């Protein structure tokens, strides 16, 4: 459930040979939904297989391929965007939904094509674009994130990076996650609201990965997401700034 939090940190250990498998787990905390005034905590499961060919299969990154040509990197993956429920329900991976959304109906999860491209003009600086394109339930809409990552520390045992990103949504995504239709207004008591497409959030994430030895490492993440423009003015938005954080311990085979 909290894989997206770890994905923002974007840190995995590169394979020393032809392939590598990371196994581990931890805990993550994030808002119950975009704009919620309450947080939820849940376990983070790490199963991450990567091959020297660029293929990977991961609970954090999905199923995909990535490669690099000089300063340019690119990748494509099949991932999953989680659901949003109109009531609070417990699951194996923490609580889902919020009673504050009663009457809004559930937003079902969807399979997504995750496309990315990056450019590294300096060893410590990377520019990147990430697109999330729904393959099922296309009413959930598309998003594009443009960001910059600064690699502040890069030593044998410690890697620290700071990522900043701006998120853009199409009209379907804006309406699904931040809007209120007339039918939803009648059922929930919220005022009908129709947000526009465009810039909807800004986020930051600080990631610290510490390696105890060649096998064991721990990754800590802390960040926040700020809702902007129409998303921040939605009647569903109780808190414009949503903090997030987490950690996980992993073992490399």
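Residue count for the range 95-111 under the criterion of being at negative phi, surrounded by 16 or more Cβ atoms within 10 Å (Cβ to Cβ) and in contact (Cβ under 8 Å) with a residue 40 or more places away in the chain: the result is 7.
Where strands (runs of 3 or more DSSP E) sit wholly within the range 25-75, those with at least 3 residues that are at negative phi and modelled with pLDDT under 95 occupy 39-51. Screening the range 138-175 for residues that are touching a helix residue (DSSP H, G or I) at 6+ places or on another chain (Cβ under 9 Å) and surrounded by fewer than 19 Cβ atoms within 10 Å (Cβ to Cβ) and picking the one that is farthest from residue 237 (Cα to Cα) gives 138.
Filtered by the rule that a residue be farther than 30 Å from residue 243 by Cβ and touching a strand residue (DSSP E or B) at 6+ places or on another chain (Cβ under 6 Å), the range 64-80 gives 65, 71, 72, 74, 76. On inspection, residue 60 qualifies as buried (at least 16 other Cβ atoms within 10 Å of the Cβ), in contact (Cβ under 8 Å) with a residue 40 or more places away in the chain and closer than 29 Å to residue 236 by Cα. Does residue 130 fit the bill of being surrounded by 14 or more Cβ atoms within 10 Å (Cβ to Cβ) and not in a helix (DSSP H, G or I)? So residue 130 fits the description; yes.
The values are calculated or read from the model by the stated rules, or taken from the named source; none is laboratory data. Keep in mind the model is a prediction, meaning the values are calculated, not measured. Quick reminder, even Gly has a Cβ in these numbers, built from the backbone with ideal geometry, and neighbours come from all protein chains shown.
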